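In what follows, a structure is listed as structure tokens, so that the remarks can point back to it.
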Amino acid sequence: MLYILFLFSGLMAFYVYDKQYHAKSYSFLLLYISPFIALWTFFIGGQLNVGTDYYSYLGIFNGKADLSFYLNKGEVFFYGLVHAFQSWGFEGQFFFYLFALLYVFLYLAIAKIVGHNYTLLFFLFVTVSTMLHSQMNGIRQCTAVYFVTLAILELLQEKKKKFFVYVILATGFHISAISIIFLFFFRNIILTSRLAKVLIIITAILAFIPADEIIKQLIVVVPQYSHYAESDYLQQGVSVSNKLTKLILFPLYYYSVSIIETHKISAKDIRIFQFGLFSYLIKTICIVSSVTYRFGHYFFILSIFPLFYYLVDLQKRKFKLYVLSILYLIALYSLKVIVFPIGEYLYSSVFVTYF
């Protein structure tokens, strides 16, 4: 229930901003919604034992793990940020608040590039992207995900220097982000509506292929990930039921392709839509294995853009269908956080322990 209250608190804050100040600067946006930023930071940063890696990171932040391990891996920005604050006497849960605040700033930078309908974008970020729930479970990679998203959005505006700067920043938090460089060559990707629909169907089918043995053979030759080959993480795989839940929005993505035919959005927005659709295809095929699914995280935010532009279009042309789509997404999200809350969808707070 707390996640639902948080969602509606954010929707109210962004709705007022959309109605009155949406054209203002990024700094004005930060100032205007600063009370909600504080709530966001404490709500997310104050989570207790979220996901499987919470205590691993808590050990790092408390100085009980070798921080130089990440420096030697090349994740210099993660090392530098944590080391700097530790040298100033900070430890433990403070770092979860720190990263939560960083994520808020990065998300708002992403929203500012899109430049309109902050309310709907926030709604999809919370209910569809899953980033809000998974970010404290994989702090290094999730930090990289935000920077990668910014990198792609800048690239789609032909700001190539910013693209490489953000990829470097992302790599400094999680070394796997360097692989995102290949997306530079797909910045002008164009999918026709027919091809997009075919690929959406094909990737959904391919996601169910038992590919763990193939993945195992491939990652053995990659030093950074060879340890996954015999790990329980790979052996467990992604269950069929889990894959089905990750494809539950298939119909909305399939029908979102109509945007390509109607071109009811700007040239800038159609580029973001096209790349978002490409991101959804990659994310879908990545659920074939637990290891590739981790790579799919880089497309969690990017893949909400097809739904964003589709719903913006529905809001103008087919309002009843728009409302039904929103209610459908709310119902699915409510099932995760109210009816069947497990793992990162089950909220637990350090404040309960303290107070």
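Please treat every number below as a calculation from the coordinates, not as lab data. Since this is a predicted model, take the numbers as computed values, not measurements. Positions of Cβ are generated from backbone atoms using ideal geometry, with glycine treated the same way; all protein chains shown enter the neighbour counts.
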Nitroxide proxy distance, nm - points 7 Å out along Cα→Cβ at L39 and L71: 4.1 nm
Note, ³J(HN,Hα) from phi for the stretch 63-74, Karplus 6.51, -1.76, 1.60, rounded to Hz, x at Gly and Pro: x, 8, 10, 6, 5, 5, 4, 6, 5, 5, 6, x
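When only DSSP loop residues count, what chymotrypsin sites (Phe, Trp or Tyr not before Pro) in the stretch 48-126 have their Cβ near at most 13 other Cβ atoms within 10 Å?
W88
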Under-5 Å amide H pairs with S349, H placed in peptide plane, nonlocal only: L48
Residue-wise HN-Hα coupling along the stretch 79-87, computed from phi with Karplus coefficients 6.51, -1.76, 1.60 (Hz; x: Gly, Pro): 4, x, 5, 5, 4, 4, 6, 5, 5
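Beyond a 26 Å Cα-Cα separation, which of these cross-linked pairs lie in this structure: K197/K318; K161/K246; K246/K316; K162/K336; K283/K336? Each step should come with its number before you reach the end.
Numbers: K197/K318 21 Å; K161/K246 34 Å; K246/K316 28 Å; K162/K336 36 Å; K283/K336 20 Å.
Correct reply: K161/K246; K246/K316; K162/K336.
Averaged over every viewing direction, what's the projected area of the C-alpha convex hull for the chain? Give it in nm², one decimal, please.
Computed as one quarter of the Cα hull surface, the answer is 18.1 nm².
Charges only on Cβ, +1 for Lys and Arg, -1 for Asp and Glu: so what's the dipole of the chain about the Cα centre, in debye to the nearest 20? Could the numbers behind the result be given before it?
Working: 26 positive and 15 negative charges, 252 e Å.
So the magnitude is around 1220 debye.
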Per-residue ³J(HN,Hα) for the stretch 179-194, Karplus 6.51 cos²θ - 1.76 cosθ + 1.60, θ = phi - 60°, Hz, x for Gly and Pro: 5, 5, 3, 4, 5, 3, 7, 10, 5, 9, 4, 10, 10, 6, 4, 5
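Please express the shape of the stretch 63-123 as an equivalent ellipsoid: the semi-axes are the square roots of 5 times the eigenvalues of the C-alpha gyration tensor, given largest first in whole angstrom. Before the final figure, lay out each step's value.
Details: eigenvalues 191, 37, 15 Å².
Each semi-axis is the square root of five times an eigenvalue, giving 31, 14, 9 Å.
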Cα-Cα separations in the stretch 246-355 greater than 21 Å, expressed as whole percent: 49 percent
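Rounded to the nearest 500 deg cm²/dmol, what is the calculated helix-only ellipticity per residue at 222 nm for the chain, with -39500 (n - 2.57) per DSSP H run of length n ≥ 4?
Details: 22 runs with 235 residues, N = 355.
Roughly -20000 deg cm²/dmol at 222 nm, from the helical runs in the chain.
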